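Notes follow once the structure below has been shown.
Each value in this text was obtained by applying a stated rule to the coordinates, not by laboratory testing. Values in this document were obtained by computation on a predicted structure and should not be read as measured data. Cβ placement follows ideal geometry from the backbone for every residue including glycine, while neighbour counts extend to all protein chains displayed.
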Amino acid sequence: MAIVARAGARKTLSAQVVEALRRQIEEGDYAPGDKLPAEPVLVERFGFSRTVIREAIAALRADGLVESRHGAGVFVLGSRRGLESPELFTQATDRISDIIEELELRIGIEVEAAGLAALRSSPAQEAEIQSQLEIFGDLVERGLPTDQADFDFHMAIARATNNGRFKAFLEHVGRRIIPRVKFRSVMGGVDPLPSRDRILFAEHTEVAEAIWARDPERAREAMRRHLLGGIKRYRALTRPKPSPGVPDKA
């Protein structure tokens, strides 16, 4: 993919910034609650562009090391040294094969989570799923980013299993479980599937309605379709584009 090739150099630069800041956090140069230097300071320190610095901060944020506070800056949450899981979802990637493998793993976990949520969810947990679905839908209508809302919807289902292991898994992995968060962090902010959100909302709705209907098999199947749909969408990015003037036989 040409778009991946263009991102290669920037990936290397942003990875350097991530490595340096992560090391400083883990070694205690920045303690929990400390504010990271402002973006212009980091640009001057590393000698890289604002785009590279923003990608690095996004990667640290996705890994749960920092958080952005509106109008205040970026603050350290703490070191994850000794708490690292195998690098299943934590590394930024520009490889479609990595995204697909991660979605396949999620099928093994989240399909069952949907089924358990249909069996065990309380009225309050069902209301939380509905709330997260509505938030996602509102963002879609307004054309705003849905990354966090996507993650929050899946977290609501994990909590509704009333099995803390599902919740702990998603919490530990964090927003990087959402493929576009990781993929976009090495693509200079490019969204590989910009028209996908309405499809995701429809898929989320099917999952939620099956849970509300207390139908575990329907919920499992809806979640399976949702994640398989993601695999199909990312796999389509690897197909060669037809040359101008050549009909697409697909």
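Placing a pseudo-label 7 Å from each Cα along the Cα-to-Cβ vector at L77 and T51 gives an inter-label distance of 2.7 nm.
For the pair R235 and D34, how long in nm is the line joining their label points, each one 7 Å along Cα→Cβ? Each label point lies 7 Å from its Cα, and together they span 4.7 nm. Normalising the Debye intensity of the stretch 18-73 to I(0), with uniform scatterers on Cα atoms only, and taking log10 at q = 0.12 Å⁻¹ returns -0.25. Note on R95 and E44: the model spin-label points, each 7 Å out from Cα along the C-beta direction, lie 3.9 nm apart.
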